[in-house]
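The values are calculated or read from the model by the stated rules, or taken from the named source; none is laboratory data. Here the structure is a predicted model, which is why all the values come from computation and not from measurement. Glycine also receives a Cβ, built like all others from the backbone with ideal geometry; neighbour counts cover every protein chain displayed.
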Amino acid sequence: MTANSPDAEAPKGLGLTGFASGDPVATAQDLTADQGRAMEVVAEVLGGRRLAVLTGAGLSTDSGIPDYRGPESVPRSPMTYQQFVGDEALRRRYWARNHVGWHHLRHADPNPGHLALATLEARGLLSGLITQNVDRLHSAAGSAEVIDLHGTYDRVVCLQCRNHYSRAAIAVLLEALNPGYLERESDAGDVAPDADADVDDTGDFVMAPCPNCSGMLKPDFVYFGENVPKDRVAEAYQVVDSGDALLVAGSSLTVMSGLRFVRHASKAGKPVVIINRGKTRGDDLATILVDIGVSEALAFLAQTLPDLERR
């Protein structure tokens, strides 16, 4: 099933909903003297080691995507899986908000942090990259070995027949069922990292059924109250085990899906470096904590870490 998006001709970074990536983001050159010294210590700890990397929503804020729990983030009450499948009105509300939010999120660009990690991977410094984000910006930046722990925002699954569809194709169906809705709600406010837009007028929104069996469609990412697939978790543990250290970038580690990897690395005696704005649930397990912007910190590491010696 293929189709063009209803706003495919919109310029990059704009779209019908007015999404823009925001102000220019910081790079390694924007670190203060104190921040530079802190990152030099991080580079000393990580230098010569192959890194497993775990990223969270704090990495994508410089791409214009708000996070869940950062110091300046708005309070959020994400929909649970049980609410989505069990309440038609809530499900309709979610799809209406997601229809608007998806058109925001899909215009976001990778920032220097995403590009830095792609550079580190290309140089052979990573054992793998685990992300809690669903925005696909790591892949857009050129990272090849990415485990999308919570799934991705650009795929949709039928809960009945298990067929998968691109989110772009479902967007065309939703636009046909709800002509003019996207333009009417073009001044939507905040958009969450899972493409849930701040839209109130959702009562008459028409949901799209599965094109194959008319079953219930769901964005193909993990909701609160839903488990990460076991094979994906096992693959992520393998990334941590293959690395000499764990680098956490932009995650508060509030949910166990990310914290378990920090606990695993710490128990194995591997250095754990956490770079995040604000406190995290894994602070007591960290070898080093750095409270600075993630983009400039990762850009610094990409410029500073030496190549690994052949083993």
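Being at pLDDT 70 or above and surrounded by 13 or more Cβ atoms within 10 Å (Cβ to Cβ) is the filter; apply it to the range 195-206 and report the residue that is nearest to the chain's Cα centre (by Cα).
D196
Listed residues P11, P6, P24, P71; which is assigned to a loop (DSSP other than H, G, I, E, B), under 15 Å from G250 (Cβ atoms) and at pLDDT below 95?
The conditions single out P71.
Quick test for you: out of L259, L253, L246, L301, pick the one residue that is part of a loop (DSSP other than H, G, I, E, B) and either of a type in the set (A, V, I, L, M) or crowded, with 24+ Cβ neighbours inside 10 Å (or both).
Answer to the selection: L253.
Which residues, counting only those in the range 133-152, are in contact with a helix residue (DSSP H, G or I) (Cβ under 6 Å, 6 or more places away or on another chain), in a strand (DSSP E or B) and either surrounded by fewer than 20 Cβ atoms within 10 Å (Cβ to Cβ) or in contact (Cβ under 8 Å) with a residue 40 or more places away in the chain (or both)?
Passing the criteria: only I147.
What number of residues within the range 264-280 satisfy the criterion of being surrounded by fewer than 16 Cβ atoms within 10 Å (Cβ to Cβ) and without any contact (Cβ under 8 Å) to a residue 60 or more places away in the chain?
Kept after step one, since they are surrounded by fewer than 16 Cβ atoms within 10 Å (Cβ to Cβ), are these residues of the range 264-280: 267-269, 278-279.
Okay, now just the ones that are also without any contact (Cβ under 8 Å) to a residue 60 or more places away in the chain, so 267-269, 279.
Looking only at that region, the number is 4.
When only residues in the range 210-226 that are in a loop (DSSP other than H, G, I, E, B) and touching a helix residue (DSSP H, G or I) at 6+ places or on another chain (Cβ under 9 Å) count, which is farthest from Q83 (Cα to Cα)?
Filtering the range 210-226 for residues in a loop (DSSP other than H, G, I, E, B) gives 210-216, 222-223, 225-226.
Still in the running and touching a helix residue (DSSP H, G or I) at 6+ places or on another chain (Cβ under 9 Å): 211, 216, 222-223, 225-226.
Details: P211: 23, M216: 13, V222: 13, Y223: 10, G225: 9, E226: 11 Å.
Residue satisfying both the conditions and the ranking: P211.
If you go through the range 230-242 one residue at a time, do you hit one that is within 28 Å of R37 (Cα to Cα) and either out of contact with any Ser or Thr (no Cβ under 7 Å at 6 or more places or on another chain) or surrounded by 18 or more Cβ atoms within 10 Å (Cβ to Cβ) (or both)? Can you show your working first?
Here is the first cut: in the range 230-242, the residues within 28 Å of R37 (Cα to Cα) are 240.
Still in the list and also either out of contact with any Ser or Thr (no Cβ under 7 Å at 6 or more places or on another chain) or surrounded by 18 or more Cβ atoms within 10 Å (Cβ to Cβ) (or both): 240.
Checking the range 230-242: at least one residue is within 28 Å of R37 (Cα to Cα) and either out of contact with any Ser or Thr (no Cβ under 7 Å at 6 or more places or on another chain) or surrounded by 18 or more Cβ atoms within 10 Å (Cβ to Cβ) (or both).
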